[in-house]
Amino acid sequence: PASGTGTDAIKVAMVYKPARLAPVNAAQGDSDAVHNRPPLAQTFAGANGERFTLVVNHLKSKGSCPVAGDADYEGNFDAGDGQGCWNAKRVAQAQRTAAWTSALATGAGTERALLLGDLNSYAQEDPLLALAGGGFNDQLARFASFGYTYVFDGVAGRLDHALVSGALLPGVTDAAAWHINADEA
């Protein structure tokens, strides 16, 4: 929907070329309470009729840590392992997104799914490992050995990801990070 989904100030959306892809049915959002920023999904058909489901997501950020006594404190504090705050929340969001995405893609008549977004996790962190455990494959790692998506304090990293289901994996021929603002001074 044009207004986005959820109540968080950050909302997800997708932009596509209608000359290349045709939406199949309406876009859907996942209203599960685990999400701060619900993922948005759309199944598309290409000019050749092949279908895939695209899901965009933005997992909970690493900052604004809860304090002891908050209901969300357990497992969401900064454990000092480099994953920042809210790791348990991001893992739960990733697990839910993997299951929801797989069910949507299968329900749309295909098991081909592409998951994009700011997952606020590095490739070897728990949320990305949960997505890999859910059958999703990291395409930036596959095609771009240094596929960074941001620069902070002079250090490049990747919190944004492109992951595909096993059924879509053979159809992906390339992936690259678009440095739309990562290289700005």
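For residue 56, are the conditions met, namely being among the β-branched types (Val, Ile, Thr) and out of contact with any Gly (no Cβ under 7 Å at 6 or more places or on another chain)?
No; evaluated as a whole, the condition is false for this residue.
Kindly indicate whether residue 57 is touching a strand residue (DSSP E or B) at 6+ places or on another chain (Cβ under 7 Å) and either closer than 12 Å to residue 119 by Cα or modelled with pLDDT under 90 (or both).
Spelling it out, residue 57 is indeed touching a strand residue (DSSP E or B) at 6+ places or on another chain (Cβ under 7 Å) and either closer than 12 Å to residue 119 by Cα or modelled with pLDDT under 90 (or both).
Consider only pairs whose beta carbons are under 8 Å apart and that are at least six residues apart or on different chains; among these, list those whose first residue lies in segment 99-128 and is closer than 16 Å to residue 30 by Cα and hydroxyl-bearing (Ser, Thr, Tyr) and whose second residue is open to solvent by 20 Å² or more (accessible area, probe 1.4 Å) and assigned to a helix (DSSP H, G or I).
Final answer for the pair search is none.
Name the single residue, out of those in segment 29-53 being more than 15 Å from the chain's Cα centre (by Cα) and not in a loop (DSSP other than H, G, I, E, B), that is surrounded by the most Cβ atoms within 10 Å (Cβ to Cβ).
So, considering only residues that are more than 15 Å from the chain's Cα centre (by Cα) and not in a loop (DSSP other than H, G, I, E, B), the one surrounded by the most Cβ atoms within 10 Å (Cβ to Cβ) is 43.
So, in segment 151-164, exactly how many residues are touching an Asp or Glu at 6+ places or on another chain (Cβ under 8 Å) and crowded, with 17+ Cβ neighbours inside 10 Å?
5
Which residue pairs have Cβ atoms closer than 7 Å, lie 6 or more positions apart in sequence or on different chains, and pair a first residue in segment 6-33 that is over 20 Å from residue 101 (Cα atoms) with a second residue that is polar (S, T, N, Q) and not in a strand (DSSP E or B)?
Correct list of pairs: 8/36.
Looking at segment 54-70, which of its residues are in a loop (DSSP other than H, G, I, E, B) and in contact (Cβ under 8 Å) with a residue 24 or more places away in the chain?
Scanning segment 54-70 gives 59, 60, 61, 62.
The values are calculated or read from the model by the stated rules, or taken from the named source; none is laboratory data. These figures come from a predicted structure and were not determined experimentally. Cβ atoms come from the backbone with ideal geometry, glycine included; neighbour counts cover every protein chain shown. Heavy atoms of the whole protein, side chains included, go into the accessibility calculation; ligands, DNA and RNA do not. Shrake-Rupley method; radii C 1.70, N 1.55, O 1.52, S 1.80 Å.
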